[in-house]
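Below: the structure, in structure tokens.
The values are calculated or read from the model by the stated rules, or taken from the named source; none is laboratory data. Just so it is clear, the structure is predicted and the values come from calculations on it, not from any experiment. Here the Cβ is made from the backbone with ideal geometry for all residues, glycine too, and neighbour counts use every protein chain on show.
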Amino acid sequence: MRPEVSWAIPYARRTVLAAAYLREGEVVYFSRKEFDRLKLDWDHFARQARENASAELEALKPEYARNKKKVIEYAEIETEDPFAAAAVLAPGFLNLFEGVFGSTVLVAIPNRHTVYVFPKLASDYQEYAPMILDRYHGALNPVSVEVFELGPKGMKAVGIYEEP
């Protein structure tokens, strides 16, 4: 089911950006009528949402997973905050990882509370399919099994985790 107010992510097959807000700690999607009452276009709403996501970003602490050679393979962000997934839209999100992964990263968001960040270069993000699919299927609020490239030019879908 697609929320009434949503926008496409370039090249995504299953995932959209949806307009939502928090009410009593729960994420609520805007109805078309509610959104129209705001008298905002998507660009203005998206700018404001990115600014709001910056507040979420400050509370997030990535945990880095290393291989046997102590090389960082990916970062995991996990929190109880239901808008943690929105933090990837914050203007400063890439700054958290630029020193480790470079200016463009790959992101998987299996549920509202978990984000995985992989380096774009020298990344075999597909080998983590079981981990991502497990988090997606085990979630009360799943988000996506798609993989997104996030860089200075924005966000686009670049892959999908398939069931074995």
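Name the residues in region 59-92 that are more than 13 Å from the chain's Cα centre (by Cα), in a strand (DSSP E or B) and among the charged types (D, E, K, R), would you?
If the condition is that a residue be more than 13 Å from the chain's Cα centre (by Cα), in a strand (DSSP E or B) and among the charged types (D, E, K, R), then Glu63, Arg66, Glu73 are the ones that fit.
When the residues of region 5-20 are narrowed to those that are more than 14 Å from Val88 (Cβ to Cβ), among the aliphatic types (A, V, I, L, M) and touching a Lys or Arg at 6+ places or on another chain (Cβ under 7 Å), which ends up surrounded by the fewest Cβ atoms within 10 Å (Cβ to Cβ)?
The residue in question is Val16.
Can we say Pro110 is part of a strand (DSSP E or B), under 27 Å from Ala20 (Cβ atoms) and either more than 13 Å from the chain's Cα centre (by Cα) or not small (Gly, Ala, Ser) (or both)?
Yes, satisfied.
For region 21-32, state whether one or more residues are crowded, with 17+ Cβ neighbours inside 10 Å, in a loop (DSSP other than H, G, I, E, B) and over 17 Å from the mean Cα position of the chain (by Cα).
Scanning region 21-32 turns up at least one residue that is crowded, with 17+ Cβ neighbours inside 10 Å, in a loop (DSSP other than H, G, I, E, B) and over 17 Å from the mean Cα position of the chain (by Cα).
If Glu4 passes every condition in (1) touching a helix residue (DSSP H, G or I) at 6+ places or on another chain (Cβ under 8 Å); (2) more than 23 Å from Ala157 (Cβ to Cβ); (3) not in a strand (DSSP E or B) but one, which one does it miss?
Condition not satisfied by Glu4: (2).
Conditions tested, residue by residue: (1) at pLDDT 95 or above; (2) not hydrophobic (A, V, I, L, M, F, W, C).
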{"position": "Tyr64", "(1), (2)": "yes, yes"}
{"position": "Ala75", "(1), (2)": "yes, no"}
{"position": "Phe83", "(1), (2)": "no, no"}
{"position": "Val88", "(1), (2)": "no, no"}
{"position": "Asn95", "(1), (2)": "no, yes"}
{"position": "His113", "(1), (2)": "no, yes"}
{"position": "Tyr125", "(1), (2)": "no, yes"}
{"position": "Pro130", "(1), (2)": "yes, yes"}
{"position": "Asn141", "(1), (2)": "no, yes"}
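Being crowded, with 16+ Cβ neighbours inside 10 Å, in contact (Cβ under 8 Å) with a residue 12 or more places away in the chain and closer than 20 Å to Val107 by Cβ narrows it down to one of Ala53, Ala46, so name that one.
It is Ala53.
Residues in region 113-157 that are assigned to a strand (DSSP E or B), under 14 Å from Ile77 (Cβ atoms) and not hydrophobic (A, V, I, L, M, F, W, C): how many?
Final tally of qualifying residues: 2.
Among residues belonging to region 141-164 that are without any contact (Cβ under 8 Å) to a residue 40 or more places away in the chain and under 23 Å from Leu57 (Cβ atoms), point out the one that is surrounded by the most Cβ atoms within 10 Å (Cβ to Cβ).
Pro142
Please enumerate the residues belonging to region 105-140 that are among the charged types (D, E, K, R) and free of Cβ contacts under 8 Å to residues at least 40 places away in the same chain.
Listed by number, the residues that qualify are Lys120, Asp124, Glu127, Asp134, Arg135.
Only residues that are in contact with a Pro (Cβ under 8 Å, 6 or more places away or on another chain) and farther than 17 Å from Lys153 by Cα: list them for region 75-95, please.
Listed by number, the residues that qualify are Ala75, Glu76, Ile77.
Considering region 64-114 alone, what residues qualify as being among the β-branched types (Val, Ile, Thr) and crowded, with 17+ Cβ neighbours inside 10 Å?
Once the filter is applied, which keeps residues that are among the β-branched types (Val, Ile, Thr) and crowded, with 17+ Cβ neighbours inside 10 Å, region 64-114 yields Ile77, Thr79, Val88, Val105, Val107, Ile109, Thr114.
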